[in-house]
Amino acid sequence: MTEIFNAILLNSTSAESIIQFGGFAIIVALVYVETGLLLGFVIPGGESLLFTAGILAGSQTLNVPVWVMIPVLVAACLAGDYTGYSIGKKLGKKLYKKEDTWYFKKKFLHKADDFYKRNGKTALIFGRFVPVVRTFNPFISGATKLSVGTFMLFSFISSVLWVGAMVGVSYWLGKQFPEIKNYMGYIIPAVIAVALIPLVRTFIKERKKSITN
């Protein structure tokens, strides 16, 4: 970890190397945990991750072919969804009784639950494009005992549509405006810092509450 931060501070060339060899792995991991670990409202948003990945690949800053990127990200979505589904199936309704913490808010769970009830199985497709709903859809599907085959089918369809749209459009933009790669040494650290702001703010807010109480 120290070597990574030192490389970022040294020069933009080193930063680009980090993006090429480590950046995509980080993006894949974050796409997975968004639904797999029910952390979609405290980690960088999925849309911004995919959009950034496409831009970087299109401008050839991220050395990953788009025909590799899209299937791998779809696989990360599927793995995350299956993990979230398994958690929901195992815990059932227990999470609905869980007390709020700095990383878990029942209001988000209920919001996703309402969306699911209103839209039925189509929520498994359209919910992919709604951040909070996307996080809890797998859990709710498992808790309501939806068959794993049906769930994974809808998960596959929605993942292909979501990843394909986000990465496809941003990749095209990166190809059209490749000069953006000349500024990635400045942009990437800024993007990482901005993406972490919601997590830091939430942590500080909850810490203050616990101290006050």
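The set of residues in the stretch 139-150 that are open to solvent by 50 Å² or more (accessible area, probe 1.4 Å) and in contact (Cβ under 8 Å) with a residue 60 or more places away in the chain contains only Val148. When the helices (runs of 4 or more DSSP H) confined to the stretch 97-172 are screened for residues that are of a type in the set (D, E, K, R), those reaching at least 2 such residues are found at 106-119. Taking first residues from the stretch 151-176 that are of a type in the set (D, E, K, R) and partners that are outside any helix (DSSP H, G or I), the Cβ contacts under 9 Å between residues at least 6 apart in sequence or on separate chains come to Lys175/Ser59; Lys175/Gln60. Within the stretch 60-86, residues that are small (Gly, Ala, Ser) have Cβ atoms under 9 Å from residues that are assigned to a loop (DSSP other than H, G, I, E, B) in these pairs: Gly80/Leu37; Gly84/Leu37; Gly84/Leu38, counting only partners at least 6 apart in sequence or on another chain.
Of the residues making up the stretch 109-129, just one is among the polar types (S, T, N, Q) and either modelled with pLDDT of 75 or more or surrounded by 15 or more Cβ atoms within 10 Å (Cβ to Cβ) (or both), namely Thr122.
Quick one: would you say Val163 is at pLDDT 85 or above, within 21 Å of Gly80 (Cα to Cα), surrounded by 21 or more Cβ atoms within 10 Å (Cβ to Cβ) and aliphatic (A, V, I, L, M)? The answer is yes for Val163. Screening Val132 on (1) at pLDDT below 75; (2) within 16 Å of Val33 (Cα to Cα); (3) surrounded by fewer than 17 Cβ atoms within 10 Å (Cβ to Cβ) shows it passes everything except condition (3).
Residues checked against (1) of a type in the set (Val, Ile, Thr); (2) at pLDDT below 75; (3) surrounded by fewer than 19 Cβ atoms within 10 Å (Cβ to Cβ); (4) under 22 Å from Val133 (Cα atoms):
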site: Ala15; (1), (2), (3), (4): no, yes, no, no
site: Leu30; (1), (2), (3), (4): no, no, no, yes
site: Leu37; (1), (2), (3), (4): no, no, yes, yes
site: Gly40; (1), (2), (3), (4): no, yes, no, yes
site: Trp67; (1), (2), (3), (4): no, no, yes, no
site: Ala75; (1), (2), (3), (4): no, no, yes, yes
site: Lys90; (1), (2), (3), (4): no, no, yes, yes
site: Lys94; (1), (2), (3), (4): no, yes, yes, yes
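Take the stretch 121-156 and flag every residue that is hydroxyl-bearing (Ser, Thr, Tyr) and more than 15 Å from Gly80 (Cβ to Cβ). Thr122, Thr144, Ser147, Thr150 - these are the residues of the stretch 121-156 that are hydroxyl-bearing (Ser, Thr, Tyr) and more than 15 Å from Gly80 (Cβ to Cβ).
The values are calculated or read from the model by the stated rules, or taken from the named source; none is laboratory data. Predicted model, so just to flag it, every value in this text is computed and none were measured. Ideal geometry is used to build each Cβ from the backbone, glycine not excepted, and the neighbour counts take in all protein chains shown. What goes into the accessible areas is simple: the full protein's heavy atoms, side chains included, and nothing from ligands, DNA or RNA. Shrake-Rupley method; radii C 1.70, N 1.55, O 1.52, S 1.80 Å.
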